[in-house]
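Q: Input: one structure, supplied below.
The values are calculated or read from the model by the stated rules, or taken from the named source; none is laboratory data. Please read all numbers here as calculations on a predicted model, not as lab measurements. Glycine also receives a Cβ, built like all others from the backbone with ideal geometry; neighbour counts cover every protein chain displayed. Note: accessible area is taken over every heavy atom of the protein model, side chains too, but ligands, DNA and RNA are not part of it. Shrake-Rupley method; radii C 1.70, N 1.55, O 1.52, S 1.80 Å.
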Amino acid sequence: MKRGFVEGKTTGPKGTDNNKPLAQTGGLESAGQEHAGLGPDWHVAAFLYATFDVDLHTDGPGHMKLSYGVVKEAGNLDGFVPKKLQCTELDATRLDHPDDITIQTTIPTQWADIEQHTAAERQDSWCDAVLDAATKREIFSQPGFPRPVPRPSTPAHRIAPAGAKGLGVFATRNIKGGELILGERPLLMTPAHIPPMSTNIPNHFTLQQLALAKMADWEIYLEQFVKRMLPDRYEKFMSLANSHQHDGSGEILGRIRTNAFRMSCFRYLRKTRDGPYSVVCDESSRFNHSCRPNATHHFDPESFSMSIYAARDIRVGEEMCVSYVSDCTSYEKRRENLAPYGIECTCEACEDHVVSDARRSEIIPFRMPDSQVDPEAELRRYLSQILLIEKEGLECSDQYVQNHAGVAIVALGLGKKGLARKYNARLVQLAKRPDVIDPDVLLAIAMASMMAT
């Protein structure tokens with residue numbers, strides 16, 4: 001039997017009674033009659049929720065920017081009673097449900113008895129997901145899905161105390177730029193925005209109260225959702241930090257808001273709302289922020305996994321950080337975007353932000369060599385961009401890898417084979433990061449590899 005909330009076969013976190021029927025374990029009303037008479041090998045996906053009605057009043061704040069910090073109205077919503085959700089169990093192997101049906105399932109599909117899976121499948125584990133049927137069909141229909149989760153041949157990291165930041169991730173050996181640090185399947189996948197959920201919200205509520213009510217509704221949904229998780233996965237999720245304890249988010253939503261990566265390769269309710277998804281990971285979500293990160297992340301749809309790569313060479317013992325904000329944004333914009341995390345960054349770029357902002361403003365989008373421009377001038381442009389990016393510690397950016405491609409191509413055209421070999425070798429190493437591969441980079445590698453011999 002595939003894992004799901006079937007009477008007498010549920011799986012929940014430690015402390016729950018896994019032999020309780022659905023209505024007791026999940027606190028929900030089960031449709032219960034659709035699978036009468038089905039045999040013990042029947043497959044279950046999870047739940048179809050019939051309460052996702054959309055109307056102007058309840059759907060408005062779906063894309064509002066949620067509050068953070070201390071919100072006085074949180075927990076004081078007189079007249080609001082969260083709505084109980086109806087659920088129906090679905091066959092896990094089916095991919096033909098209507099596009100806009102929202103379901104809970106595991107990615108990939110998991111048996112109730114996980115011992116029936118191979119050791120490799122158990123190591124990769126499963127992501128518990130809230131998604132629409134169209135997204136599930138898109139994920140499961142990829143050729144070769146699910147591929148094994150990529151991992152480094154030699155372990156490269158450990159999680160340890162990082163001073164005032166709490167826990168952090170540190171290198172256990174020297175790591176080359178472009179090298180894979182870790183790969184893992186996410187713990188959870190949910191829509192990045194609160195979905196439209198029909199609730200009994202009083203008409204006199206302010207927009208702030210309306211948003212808080214939607215958050216309260218969503219938290220109830222998420223509470224029963226995480227009860228699907230395997231015990232060890234649930235414990236890993238609940239051990240993550242929560243920087244949204246006083247804004248009405250709740251224990252589950254707060255952890256998602258604190259630790260989630262935005263994932264745009266799949267879209268939730270593409271035809272109507274078209275929003276991104278978020279994924280929360282065990283170890284990847286432990287990476288702290290830096291405005292000069294030495295690591296970058298990439299989501300691979302075919303293995304349905306998050307990978308962390310070195311953006312530049314990292315020394316053993318060094319803390320590894322990713323950026324929570326866009327690469328070349330200004331100091332003030334970064335401060336604004338980091339505020340919901342409760343972060344006041346003190347990296348060198350923030351400490352000397354006037355000089356840093358000036359340099360970042362000179363980093364421009366990459367363009368391929370222009371045959372109408374003096375090649376020596378083109379070469380100087382690429383080399384100066386690489387130097388600027390290195391001074392700002394933004395080797396994680398696409399432009400860093402792309403400018404290496406520019407140097408390799410122009411140096412070959414000028415007959416400077418030694419320079420071309422040097423930057424082609426660096427380019428090949430950096431291009432191990434799948435997040436920056438584009439046709440221009442691939443072309444440069446191919447050309448340089450053929451000609452710089």
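Q: Answer with yes or no whether Cys291 is touching a Pro at 6+ places or on another chain (Cβ under 6 Å) and either farther than 24 Å from Tyr68 by Cα or modelled with pLDDT of 95 or more (or both).
A: no
Q: OK, next. Sort out which residues of the range 291-332 are open to solvent by 30 Å² or more (accessible area, probe 1.4 Å) and assigned to a strand (DSSP E or B), and write them in order of number.
A: Scanning the range 291-332 gives His297, His298, Asp300, Glu319.
Q: Something else now. Out of the helices (runs of 4 or more DSSP H) lying entirely within the range 171-272, which hold 2 or more residues that are within 20 Å of Tyr324 (Cα to Cα) and at pLDDT 90 or above?
A: The helices (runs of 4 or more DSSP H) meeting that bar are 250-259.
Q: Now a separate question. Of these, Ser323, Ser361, which one is touching a His at 6+ places or on another chain (Cβ under 8 Å) and closer than 19 Å to Tyr400 by Cβ?
A: Exactly one residue qualifies, and that residue is Ser323.
Q: So in the range 219-257, with the set limited to residues that are of a type in the set (Asp, Glu) and touching a Gly at 6+ places or on another chain (Cβ under 7 Å), which one is surrounded by the fewest Cβ atoms within 10 Å (Cβ to Cβ)?
A: Only one residue fits best here, namely Glu219.
Q: May I pose another question? Of everything in the range 90-124, what is touching a residue at least 60 places away in the same chain (Cβ under 8 Å) and open to solvent by less than 10 Å² (accessible area, probe 1.4 Å)? Give them in sequence order.
A: Residues satisfying the conditions are Ala92, Thr102, Gln104, Thr105, Thr106, Ile107, Gln110.
Q: Can you tell me which residues in the range 207-250 are hydroxyl-bearing (Ser, Thr, Tyr), touching a Leu at 6+ places or on another chain (Cβ under 9 Å) and within 20 Å of Gly342 (Cα to Cα)?
A: Hit for the range 207-250 is Ser249, nothing else.
Q: Mind checking which residues of the range 383-399 are in a helix (DSSP H, G or I), open to solvent by 10 Å² or more (accessible area, probe 1.4 Å) and in contact with a helix residue (DSSP H, G or I) (Cβ under 7 Å, 6 or more places away or on another chain)?
A: Leu383, Gln385, Leu388, Lys391, Asp398, Gln399
Q: Which ones in the range 370-382 are open to solvent by less than 50 Å² (accessible area, probe 1.4 Å) and either in contact with a Gly (Cβ under 9 Å, 6 or more places away or on another chain) or of a type in the set (Asp, Glu) (or both)?
A: Scanning the range 370-382 gives Glu378, Leu379, Arg381, Tyr382.
Q: State which residue is nearest to the chain's Cα centre (by Cα) when the search covers only the range 175-193 and only residues that are under 18 Å from Gly393 (Cα atoms) and open to solvent by 10 Å² or more (accessible area, probe 1.4 Å).
A: Glu179
Q: Quick test for you: out of Ser249, Ser239, pick the one residue that is hydroxyl-bearing (Ser, Thr, Tyr) and closer than 22 Å to Glu184 by Cβ.
A: Within the list Ser249, Ser239, the selection yields Ser239.
Q: Of Ala260, Ala162, Ala216, which residue is open to solvent by less than 50 Å² (accessible area, probe 1.4 Å), small (Gly, Ala, Ser), within 19 Å of the chain's Cα centre (by Cα) and farther than 30 Å from Arg426 by Cα?
A: Residue meeting the stated conditions: Ala260.
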